[in-house]
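Novice: Quick one: this structure, given as structure tokens, is what I'll be asking you about.
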Amino acid sequence: APGYHRVDPAPMAAEGSRLLAARSAAADSAAITVEDARTIDYDEPLQRRGVRWGRAAGVAFVVAGVAALGVAATRGAREAGNLRPAELSEALRSAEGALTGDSISMMKRTHLSINAIKEGVWLQDLGIGPAYDEYFFNSSGSAELHKGENSGSIKSEAMESVHGGNKRICSARSEFTWADVNGTNSYDWHEFQSSLTPSGDRGPDYWWDLIYTMNTEYDSPSDINVWNAFLHMGQHMYVNDLTAHVVSLESKGTPYLARTYTSQAYGDDGRTMYVVFIPNPYNGNVVIIHSGSVGDWHARKFFRDLEAEACVQAVSLPYPLSSLERWWDKVYIETVDPTSLPKPYPVMDTHPVHDLDAVSDYFENKIKIREWADVDLVAWSNNATDVDLPNGQSACSTYSIQMASQFQTDYEVKYIYTPEAKGFDEVGRFQKYTDDEVRKSVGFNTGYNRWMDNHIALALPKNLSPGSDKITTLDEMRPYLEDAETPYHIHFTEVTGGEDMGSIWAWGPGGLGVEYHALITYESFEYPVGNFDFCTADSVCQDADVICNFFTETTLPGATLLGEVH
């Protein structure tokens, strides 16, 4: 496409020089800093380093595209009132209707961020919704920011009033929330930035820089033969029309790829789908937004056929357009403002792996997921043998875990093996590095590692069908994890219906963590189980940190204490 040109690469700062004090604009007025946090913190607008995406020839497209938007940005959006995402999420959880049936459900996706607050702004600009920002300090509390609020000195005052001053922020988080139409369950994205948990000599800033560079080695969204395996490391979303997103991406010079593919979903009968891949500079992942429509022809001209090495079976959403549209109408969302981009909702996670057999062996034979959860495990391959594949196909295999989401849609986590894609060997090096680092610092219910911040979160069912032999508690989950030699750590999280709830943060196959959320009955784990401390290296709350650690000898048990706090 005309208007794109290369410039000399911007000089890369040494890794050590990125131990910067990360600030958001709102936080600056309150003198809040995140110390010792690895971060990419450029003053210039985010662009692929080495390429400035010119827009001289794109102005006419942007003007025409904006004029054509009409009401596309508002269809299907259900306003969430005046509640912020995290407040809505908390309110929903406190009155959460227990999911019935024996299936696990996708309840959250957490990304390891190297600058959580800036990432929240970046995601807001993609239409993901309003970011709800939090800072965590000195093990004992948190301060909150919301875009658009006049924070003034409220942050420093909040810190000073809680425990008497000298508070140092150790971690930060931006949160986004989706909910079902009934307002009974929610699904969250957490962009989490820690500064104290170990990650090895080559931390996230090294790997996310490397992966982002690989994911943006092209001059325009229409460039071909630029696919690499890490572009599969992302979250797939659906929106009813992609025109507004293409207009926004073009006008801001955000690197992305635009592709078409033939839907592989049953019932779509060869339907053409549109998808944009938007590399995230803060967490190594890719925001992947699908649609059955790009209403403006100026926007459609950017799309090219999906590369063979990307594997259409790996990219295609597993659900027909009729289902995607029905869910689009029912997902309860909040937009930044009435003119913001239409907010896509999550449908699928994909993750590239270097050893797909290890993934299937872990879930089926080691952790034995079918014994304790009602899930569908689906293996697919086009390369059962090493013979040449027809029609220019590239070798591709996938392994999927099919489940429900917390906002009453179907959801899939798909591991992808594409050995002919560029970057495939680097995928193997990255996953071996993270696996080695996690196992150095995490055992059975001991320790923590920053790489575990990159995880999917699964909720176990609270109520089972009559006669079911599946599990509902973290105590029942424990022997499966230990038999599978899985590093993990359990923490209390909240009280629901007078019962203690918690999560096991566990390592998983392919360099991706898994959080399991369910009841704690203390039949296996020793009472009390403490909260997750974002300001200690091993995630364990200190006894003196009463706000963090609700279970200590000097306080009441968790459910009682939380009731009094509320």
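Novice: Check which residues have an amide H placed less than 5 Å from Phe532's amide H, if you skip close sequence neighbours.
Specialist: Amide H to amide H, under 5 Å and 5 or more residues apart or across chains, Phe532 pairs with Phe492.
Novice: How big is the shadow of the Cα convex hull of the stretch 191-322, averaged over all directions, in nm²?
Specialist: Details: hull surface 36.2 nm².
Average projection, Cα convex hull of the stretch 191-322: 9.1 nm².
Novice: Further, regarding this structure: Lys and Arg at +1, Asp and Glu at -1: add these up for the other residues within a Cβ distance under 14 Å of Val427 and post the number. Intermediate values should be presented prior to the final figure.
Specialist: Numbers: positive: Lys422, Arg429, Lys432; negative: Glu309, Asp355, Glu420, Asp425, Glu426, Asp435.
Every neighbour counted, the sum reads -3.
Novice: Can you tally the net charge around Tyr448? Count Lys and Arg as +1, Asp and Glu as -1, for every other residue whose Cβ sits under 11 Å from the Cβ of Tyr448.
Specialist: -2
Novice: Let me ask another. Once amide H atoms are built 1.01 Å from N in the peptide plane, which residues 5 or more positions from Glu515, or in another chain, come under 5 Å H to H?
Specialist: Amide H neighbours of Glu515, under 5 Å, 5+ apart: Ile456, Ala457, Leu458, Ala506.
Novice: Next question, about the same structure. Under 8 Å for C-alpha pairs, at least 6 residues apart: give me the relative contact order for the stretch 246-296, rounded to a whole percent.
Specialist: Details: 66 pairs, mean separation 13.9, N = 51.
The value is 27 percent.
Novice: Would you grab the residues whose amide H sits under 5 Å from the one on Asp305? Only those 5+ places off in sequence or on another chain, please, with H modelled 1.01 Å from N.
Specialist: Amide H neighbours of Asp305: Thr260.
Novice: Return the distance in nm (one decimal) between the two label points of a simple spin-label model at Asp125 and Glu364, each offset 7 Å from Cα along Cα→Cβ.
Specialist: Taking the two extended label points, one gets 4.5 nm.
Novice: May I ask which of Lys368/Lys440; Lys368/Lys422; Lys108/Lys440; Lys108/Lys366 have a Cα-Cα span longer than 29 Å here?
Specialist: Over 29 Å apart, Cα to Cα: Lys368/Lys422.
Novice: On to the next question. What is the Cα centroid distance between the stretch 242-282 and the stretch 306-373, reported in whole angstrom?
Specialist: Measuring centre to centre over Cα atoms gives 15 Å.
Novice: Given a Förster distance of 45 Å, report the FRET efficiency between Trp380 and Asp337 from their Cβ-Cβ distance, rounded to the nearest 0.05. It would help to have the intermediate numbers written out before the result.
Specialist: On the way: r = 42 Å, r/R0 = 0.92.
Step by step, r from the Cβ atoms, then E = 0.60.
Novice: Another one. Using the Cα atoms of the stretch 166-210 to build a convex hull, what is its mean projected area in square nanometres? Please list the in-between numbers first.
Specialist: On the way: hull surface 22.6 nm².
For the stretch 166-210, the mean projected area of the Cα convex hull comes to 5.7 nm².
Novice: Percent relative contact order of the stretch 173-220, based on C-alpha pairs within less than 8 angstrom and at least six residues apart?
Specialist: Values: 25 pairs, mean separation 12.7, N = 48.
Computed over the stretch 173-220, the figure is 26 percent.
Novice: Residue by residue through the stretch 474-482, which ³J(HN,Hα) values in whole Hz follow from phi under the Karplus form 6.51 cos²θ - 1.76 cosθ + 1.60 (θ = phi - 60°), with glycine and proline marked x?
Specialist: 5, 4, 6, 6, 4, x, 5, 5, 6
Novice: Let me ask something else. Less than 14 Å Cβ to Cβ from Glu476, Lys/Arg counted +1 and Asp/Glu -1: what total charge do the surrounding residues give? Mind showing how you got there, number by number?
Specialist: Working: positive: Lys368, Lys462, Lys470, Arg478; negative: Asp102, Glu371, Asp469, Asp475, Glu482, Asp483, Glu523.
Result for the neighbourhood of Glu476: -3.
Novice: So, one more: For the stretch 314-323, just list the computed ³J(HN,Hα) in residue order, Karplus coefficients 6.51, -1.76 and 1.60, θ = phi - 60°, integers in Hz, with x standing in for Gly and Pro.
Specialist: Values per residue, Gly and Pro as x: 6, 8, 4, 5, x, 10, x, 4, 4, 5 Hz.
Novice: Determine the gain in length on full extension of the stretch Thr272-Lys330; use 0.36 nm per residue of separation and subtract their C-alpha separation, reporting nm with one decimal.
Specialist: Details: separation 58, 0.36 × 58 = 20.88 nm, distance 2.36 nm.
Fully extending the segment from Thr272 to Lys330 adds 18.5 nm.
Novice: Here is a follow-up. Once phi is turned into θ = phi - 60°, what whole-Hz ³J(HN,Hα) does the Karplus curve with 6.51, -1.76 and 1.60 give for every residue of the stretch 514-529, x standing for Gly and Pro?
Specialist: 9, 9, 10, 10, 5, 5, 10, 9, 6, 7, 10, 7, 6, 7, x, 10
Novice: If you count only protein heavy atoms with a 1.4 Å probe, what accessible area per residue comes out for the stretch 426-473, rounded to a whole Å²?
Specialist: Numbers: 1870 Å² over 48 residues.
Each residue of the stretch 426-473 exposes 39 Å² on average to a 1.4 Å probe.
Novice: How much accessible surface does Glu371 have with a 1.4 Å probe, in Å² rounded to 10?
Specialist: Around 100 Å² of this residue is reachable by solvent.
Novice: Turning to a different aspect of this structure: So if R0 is 41 Å, what FRET efficiency would Tyr522 and Glu420 give, r being the distance between their Cβ atoms, rounded to the nearest 0.05?
Specialist: Details: r = 50 Å, r/R0 = 1.22.
Working from the Cβ atoms, E equals 0.25.
The values are calculated or read from the model by the stated rules, or taken from the named source; none is laboratory data. Quick caveat, the model's predicted, so the values are computed rather than measured. Methodologically, a virtual Cβ is constructed for each residue, glycine included, from the backbone with ideal geometry; neighbour enumeration extends over all protein chains shown. Just the protein is used for accessible areas: all its heavy atoms, side chains included, with ligands, DNA and RNA removed. Shrake-Rupley method; radii C 1.70, N 1.55, O 1.52, S 1.80 Å.
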